[in-house]
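K.L.:
Here it is, the structure, as structure tokens.
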Amino acid sequence: MTDPGRVVFLSYASQDAEAAQKICEALRAAAIEVFLDQSELRGGDAWDQKIRHEIHDCALFVPLISAHSDARHEGYFRREWKLAVDRTADMSDRVAFLVPVVIDDTSDSRADVPERFRQVQWTRLPGGETPPAFVERIKRLVSPELSQEPTWAVRAAARVIAAPIAPKPVPAFWRAKAVLVATIAVLVVALGYLAVDRLVLSKRGAFNPPPHSIAVLPFANMSGDKEQEYFSDGLTEELLNSLAEINGLQVAARTSAFSFKGTNTDIGTIARKLNVGAVLEGSVRRSANTIRITAQLINAVTGFHLWSKTYDRDLGDVLKLQTEIATAVAGALKVTLLGDVAAKVELGGTGNPAALDAYLRGLKAARSMRDTKDLPAAIAAYTEAIRLDPHYALAFAGRSVALSTAAAEAETPAAVREGYDKAQADARQALSLAPDLAQAHSALGVVWEQGILDFTQANDEYERALALAPGNARVLGNSGSFAANMGHFDAGIAALRRAVVLDPLARNSHYQLGLALYAARRYQEAVAAYGEVIGLTPDFRATYSDRGLSFYGLGDLERARASCETTPDDWGSQLCLAVLYDKLGRHADAETELAKLRAAMGDAAAYQYATIYGQWGNRAKALEWLETAWRLRDPGLINLKTDPLLDPLRQEPRFQAIERELKFPS
């Protein structure tokens, strides 16, 4: 100890380590020396002697009181409390020496807390959040020379609301002055807390999130190796999905929740942007065969901690751990659990640690990909997970989605067919292992819709996925987009608006909504949705051409042109400009844009050529290209039933024949 008499000793139960760390950091930032024992393994003579020495010499003893420090939880903190109480026996300033801090909703009448602690005013710092007024109070208690009053006056301010403990007689004049100073000191501290509360409330405004709504922030990687971040991110996503399986719980989707990663955004701001009433955060520490997860649930409206716990498990127990955490969170939020939560949370998972690791690597690669050249890494990782655990349904579903994405961008018809065949096989295998796995039904729906153009089968799979996972934003997005393409606009747009609620900061949720609104001829609303996309990701090129076509639908040709010319090298903008320039009388420029598109895409854009010729009024050419698209099974045909650009062709017998062949569900 470098400066005896000026050190604050923080005593805490191991489950409250994060709260203790927050308080410690706040005090140290004010140049207050703090003793915080963070050893994982305590005990032994050497440890006992050091702790006795620290408690004997410290200026203040700060016990953290919580549900974890009751009589049912034995721990070394109980020895520390006894040593502190013993020290007060011969101290004239024994009350000022003790500064109990409550970090949850523990009552100040709890019987198992030492009597000495209950004779002192308790400070409440939910979750360890430490306001400046508390730091200032501690600074004055450990540094009397900072005060403008005599030391005894500062001590008096610290003892208010404490039971009197046989004080030595003091002249009446000094007693009166002490009371006055103590009262002033209490008012200053109280006003400090009030100012903090008012500041917090003013920031909150009229924040009224839906009940039982939660965001799961990326858990911090505490493994000491940045390369392990895929593991903490992946576990966070799996936990998020587990919570989304609980009926009555609204869970912000991954894309929005993870958008705050690496920022210092405060919980209140995050909650407002995601419109949630609670936030779950924590950390992951992984060793060779074990894992430690620390999680804490915060009421985003009040800032109070609702629940926190540290879990130490074998890596093979991660599935059961997800269930345990999800159930605890639901309990803290007072959500009624319906059915077997474990059966839902653990569905399709694995107990093989190596398979889990490979799956999370695949998940990371798929989530972070910029284009299709990044897909082989994801597919390889999923394949490794399947090799290690052939019954890992989630890994089959993940690989199916990756294979479909790659197939959609393949350069030859043979490669497209091969990719979708493999994707279908994986989705079917996932369903044979876990028939109620929503991700597998959604993956198979993508294959039926995009790879095979069997919209009846796709409809069945999407409906089943939505029934199984109504709170999954990705499932809502896929199902809603498909419904809109099939002409079921009310149902599709409702599902997509729900996806936006769950994933408000995700580009894709707003973009899919924009496409559906455009197909429904609700052009002004589509423009607004695309505006949200541009606000979130200005470099997402497809948005400008799609917004341009929405302006075109409104008859606002100049704004349509300006939007499409923003990204002139994008194939979508070339389609848009080919249509617009012809409408503006710039026929040569329109032909140039079509030539650019054909040079880049060849017959792969047969459907798009049909839309251009249809808008030019060349119905014969449009129908010719539409028949080519049908022969090639062009995925663009998904849009045939609702695409506004094809409206000039809808009464043509050849168009209607193709529409019948596609067998759109009614």
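Each reported figure results from applying straightforward, stated rules to the coordinates on display, with no laboratory input. Given the structure is predicted, the values throughout are model-derived calculations rather than measurements. Glycine also receives a Cβ, built like all others from the backbone with ideal geometry; neighbour counts cover every protein chain displayed.
K.L.:
Compute and list, largest first, the equivalent-ellipsoid semi-axes of region 213-346 from the alpha carbon gyration tensor, each √(5λ) rounded to a whole angstrom.
P.N.:
Details: eigenvalues 92, 74, 31 Å².
They are 21, 19, 12 Å, listed largest first.
K.L.:
Could you let me know the centre-to-centre spacing of region 278-294 and region 570-588, using Cα atoms, in angstrom?
P.N.:
54
K.L.:
I've got another one for you. If you bin every alpha carbon distance in region 300-346 into 10 Å steps from zero, what whole percent lands in each bin?
P.N.:
Computed distribution, short to long bins: 22, 47, 26, 4.
K.L.:
With the dipole of region 341-401 worked out from charges on the C-beta (+1 for Lys and Arg, -1 for Asp and Glu) around the Cα centre, which of Leu347, Leu375, Phe396 lies farthest toward the positive end?
P.N.:
Leu375
K.L.:
Quickly rank 539-549, 521-531 as a protection proxy: mean count of other C-beta atoms within 10 Å, highest first. Could you put the intermediate results ahead of the total?
P.N.:
Details: 539-549: 21.1, 521-531: 19.4.
Output ranking for 539-549, 521-531: 539-549, 521-531.
K.L.:
Sequence neighbours fewer than 8 away in the same chain don't count; with that in mind, list the aspartates and glutamates whose C-alpha is under 18 Å from Lys261.
P.N.:
The qualifying aspartates and glutamates are Asp225, Glu227, Glu229, Asp233, Glu237, Glu238, Glu281, Asp503.
K.L.:
What is the Cα coordinate range of region 522-607 on the first, second and third principal axes, sorted by size from largest, in whole angstrom?
P.N.:
Largest to smallest, the principal-axis extents are 32, 25, 21 Å.
K.L.:
Return the tail of the calculated pair distribution for the chain, meaning the percent of Cα-Cα pairs more than 32 Å apart.
P.N.:
Beyond 32 Å sits 59 percent of the P(r) for the chain.
K.L.:
Taking each full run of DSSP H in the chain as one helix, which ones are at least 27 Å long along their axis (Cα atoms) and have mean Kyte-Doolittle hydropathy of at least -1.0?
P.N.:
Values: long enough: 172-204 (48 Å, 1.31); 413-433 (30 Å, -0.57).
Long hydrophobic helices here: 172-204, 413-433.
K.L.:
Next question. For each cysteine in the chain, check whether another cysteine's C-beta sits under 4.7 Å from its C-beta; list those where none does.
P.N.:
Cys24, Cys58
K.L.:
Starting from the Cα coordinates of region 535-666, work out the convex hull volume and express it per residue in Å³. Please report the intermediate quantities before stating the final value.
P.N.:
On the way: hull volume 15.9 nm³, N = 132.
Roughly 120 Å³ of hull volume per residue.
K.L.:
Ordered by packing density, taken as the mean number of other Cβ atoms within 10 Å over each peptide's residues, highest first, how do 313-319, 335-341, 246-252 rank? Mind dumping the intermediate values first?
P.N.:
Working: 313-319: 16.9, 335-341: 13.0, 246-252: 21.7.
Packing order, densest peptide first, comes out as 246-252, 313-319, 335-341.
K.L.:
On to the next question. If packing is taken as the mean number of other Cβ atoms within 10 Å per residue, what is the order of 210-220, 21-31, highest first? Present the calculation step by step, with values, prior to reporting the outcome.
P.N.:
Details: 210-220: 21.1, 21-31: 16.4.
Highest to lowest by the protection proxy: 210-220, 21-31.
K.L.:
Please tell me the relative contact order of the chain in percent, rounded to the nearest whole number, where contacts are Cα pairs under 8 Å and at least six residues apart. Please list the in-between numbers first.
P.N.:
Working: 1066 pairs, mean separation 47.0, N = 666.
Computed over the chain, the figure is 7 percent.
K.L.:
At 222 nm, what value in deg cm²/dmol follows for the chain if DSSP H runs of at least 4 each add -39500 (n - 2.57) and the sum is divided by all its residues, to the nearest 500?
P.N.:
Value at 222 nm, helices only: -17500 deg cm²/dmol.
K.L.:
Region 536-569 to region 250-273: how many Å between their Cα centroids?
P.N.:
29
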